Structures are given as C-alpha cells and as structure tokens.
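These notes are about the structure you will find just below.
The values are calculated or read from the model by the stated rules, or taken from the named source; none is laboratory data. Since this is a predicted model, take the numbers as computed values, not measurements. Note that each Cβ is placed from the backbone with ideal geometry, even for glycine, and that neighbours are counted across all protein chains shown. When the accessible area is computed, the model is the full protein with side chains, heavy atoms only, and any ligands, DNA or RNA have been set aside. Shrake-Rupley method; radii C 1.70, N 1.55, O 1.52, S 1.80 Å.
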Amino acid sequence: MNVTKIVSLILFICSVSLAVYLTRDITTKIEAKERIASQEAAVIYKLQLIREAETAYQEVNGKYTSDWDKLADFIKNGQFPIIERKEEIFTLAYGADSTVVTYDTLGMIPAKERIFYETHNVTAANHGIFVKFVAKLGDQVTKNSSAYVLKQEGKNSTHKFRDNGKVVKIEDVKPGQELNKGDLLMTLEETRFNPNTDLSKLAYVPGYEDVKFEIYAAQLDKNGTAVNVIEVKNPQPFDETRKEDADSKNRRPLRFGSRTDVTTSGNWE
C-alpha cells in the first residue's frame, strides 16, 4: 500500500470517528435538554400546587405559612368558605348609578376540594331563546367544544365552552325559555392537581429524595400597612445554568413569590 492510500485511509477513519463523535455529542445534548425539561416540568407542577395551597391557607388564616406540616394538614383537613358576591345597582336622585356589593357565606367545603379542583360557571353569552344543551351531565368537555344552543334574531347559534372540565350540574332550563346574558346554565369542575398527591412529600423537590424547597413566609410593613409575602424556590436546579445572580428572572432557580414584594407569580410564567 502506497503512502497516498495510507493517508487516505487514515483521513477516512478520522472523518468517520469525528462524525460518530459529533453525532453522539449532539444526541447526548438533546437527551440532556429533554431530561431537564421533564424534570423542570415536574418542579413547576409542584410549585403550582404549593402556591394554590398557600393562597387558600392565606385566605382562611390571614397569612401564609412556612411550616410544611401545617400546610399539609390544611390541605388534608382544612375547611374553606364558599363566598357569594352580589352586586345591586341603584339609581340615585341625581341620575348617577350606585353599586352596593354584598358577600354571603354559603357554607364550607374541604380545603382539598378548593385546591385540587376549579369550578367554572357556564352562563348565557347573549340574550336569546334557549334551544337545547349539547353537553350532558357527567360529560368531560374541552375548551371550544359545543355547550348549548340559543336562538338569536331568528337563527340558532351554538355556543362553545370557554374552559375544560366535567359537567357536574345543569340548570333547569327548558327549550323555548327566554334567557338574559349572564344567566347560569351549567357548572364545570376541572381537576387542576392530582387529588392522590402524597402530602408527606409536599416539601420535597421532585427528582430528589432529600432536597426540600426553600420556603419563606412573613408579614412586612409597607408604608404603614402590614402585607403578606411568600417565596418558595428549588435550591438545587437541574439546569446548572440557572444562577441566583442571573440578569433575567426566568434564568434563576425556579420559584414563585418574593421576599420583598406582594406577588405569587412564578418565574417560569
């Protein structure tokens, strides 16, 4: 074998080796990116659950808690009031309108029901004559699927759902009945979080066995007014590029809330 052939063979082997290396490197980076995205999705889901629980806890107790046991017990055993808000509009003597808002406590529901599920009211979108319901009691419906039919200006119009959920109640509305905009037609219940969540692991970051979320809750004085603040964050990011001193908030470790500002926004939002 002459020198030219030997050099050509060596170059061919080097080219193949480089191609294999680059392919493996790209594949490894893609797999790592997908793994981190999956891990962070689990962390965000957990942070959203904790945020919802803390919000409900604060509404009942007047403050947030940094005690994981208290929060878990509230989710499991706490009660949450059902508040109905009513508005009445009165016309004053000089012609202006005055609105009186009243709140009534209708009862109590388990805190877990308030946290894990969300209720959506389906109301008449316009004035019209009711024709029929398209969805039935117990149906699992999706946003933009058909909900009910109204006759408006002599024409039937099918209205869509604005939310996802299960139809848990249908009002006693008859075909031919005249409806006003805003009249209640149906109630949906949407499952936001897994109701079988292991509350004994509420404080732990998904993907780790012994790493807890850092939690801070306090009352601060803001210009003479006491305000509640909370911050919950993942102290060990799966993405090593997430740094506390990053210029962009969404490149810092995943968290919601703030130690200094009244907010419960997440930095992934």
TODO: Report those strands (runs of 3 or more DSSP E) wholly inside the stretch 128-226 carrying at least 2 residues which are within 19 Å of the chain's Cα centre (by Cα) and of a type outside the set (Val, Ile, Thr).
DONE: 165-170, 184-191
Open item on the list: Among (1) of a type in the set (A, V, I, L, M, F, W, C); (2) touching an Asp or Glu at 6+ places or on another chain (Cβ under 9 Å); (3) over 29 Å from Val262 (Cβ atoms); (4) in contact (Cβ under 8 Å) with a residue 40 or more places away in the chain, there is one condition Ile230 misses while meeting the rest; what is its number?
Closed with: (3)
Open item on the list: Cβ contacts < 6 Å: first residue within 14 Å of Ile75 (Cα to Cα) and modelled with pLDDT of 95 or more, restricted to the stretch 180-204; second residue in a strand (DSSP E or B) and open to solvent by 50 Å² or more (accessible area, probe 1.4 Å), any location; separation 6+ or different chain. Result?
Closed with: Ala203/Lys212
- [ ] Would you mind telling me which numbered condition in (1) modelled with pLDDT of 95 or more; (2) among the polar types (S, T, N, Q); (3) under 24 Å from Ile115 (Cβ atoms) Gln219 fails?
- [x] (1)
Task: Residue, nearest to Asn61 (Cα to Cα), within the stretch 211-260, restricted to residues that are open to solvent by 80 Å² or more (accessible area, probe 1.4 Å) and of a type in the set (Asp, Glu) - done: Asp221
Task: Contacts under 7 angstrom Cβ, first residue in the stretch 56-69 being assigned to a helix (DSSP H, G or I), partner buried (at least 18 other Cβ atoms within 10 Å of the Cβ) and of a type in the set (D, E, K, R), 6 or more apart - done: Ala56/Arg114
Open item on the list: Can you pull out every residue in the stretch 135-165 that is touching a strand residue (DSSP E or B) at 6+ places or on another chain (Cβ under 7 Å) and polar (S, T, N, Q)?
Closed with: Gln140, Asn144, Ser145, Ser146, Gln152, Asn156, Ser157, Thr158, Asn164
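Residues are listed down the side, and each one gets a yes or a no for (1) open to solvent by 60 Å² or more (accessible area, probe 1.4 Å); (2) at pLDDT 95 or above; (3) more than 21 Å from Tyr204 (Cβ to Cβ):
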site	(1), (2), (3)
Val43	no, yes, no
Lys46	no, yes, no
Leu49	no, yes, no
Gln58	no, yes, yes
Lys63	yes, yes, yes
Lys70	yes, yes, no
Glu87	yes, no, yes
Thr99	yes, no, yes
Glu113	yes, no, yes
- [ ] Can you give me the number of residues within the stretch 129-157 that are on the phi < 0 side of the Ramachandran plot and open to solvent by less than 70 Å² (accessible area, probe 1.4 Å)?
- [x] 16
